[in-house]
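Structure, as structure tokens:
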Amino acid sequence: MTQAVPLSQAFATELPTYSNPHGQVKASISGDSTRNADPPYFSIAAQPVHAVHQDWAALGRATVANIPNINAPAHPLNQEFLYLSEDATYHNSEGDIVCSAAKYLLHPVNQALCSVPDCC
């Protein structure tokens, strides 16, 4: 049985690891267009200002802890679950990693942000 945690606890839970069927692979820039690309603006503007901002998981936990009524069982973040391991998931390509990122990172972050008043 796959372990599941409510999204309200997702930032306090270690994410699963999936092995690469090709073993350890060294990442490299695949071409000139990648090498010459400007970095995304958010990575430039999101420099840590406060110590808590240096630890993204701590910032996530602090954000979730301050959501109104987060401890109520009926809160949407307590009703939706993140499954920590799925047998059919593996990382054979960059697209597989994108899918995992959406499932384990983007979705919980978006749901948490939409629970913060006046955020969405």
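Looking only at residues of the range 74-120 that are touching a Ser or Thr at 6+ places or on another chain (Cβ under 6 Å) and within 14 Å of residue 15 (Cα to Cα), we find that the one that is modelled with the lowest pLDDT is 85. Reported count of residues in the range 61-103, each being within 30 Å of residue 20 (Cα to Cα), touching a helix residue (DSSP H, G or I) at 6+ places or on another chain (Cβ under 8 Å) and either of a type in the set (Asp, Glu) or assigned to a helix (DSSP H, G or I) (or both), is 2.
The values are calculated or read from the model by the stated rules, or taken from the named source; none is laboratory data. Since we're looking at a predicted model, the values are computed, not measured. All Cβ positions, glycine included, derive from the backbone under ideal geometry; neighbour counts span all protein chains shown.
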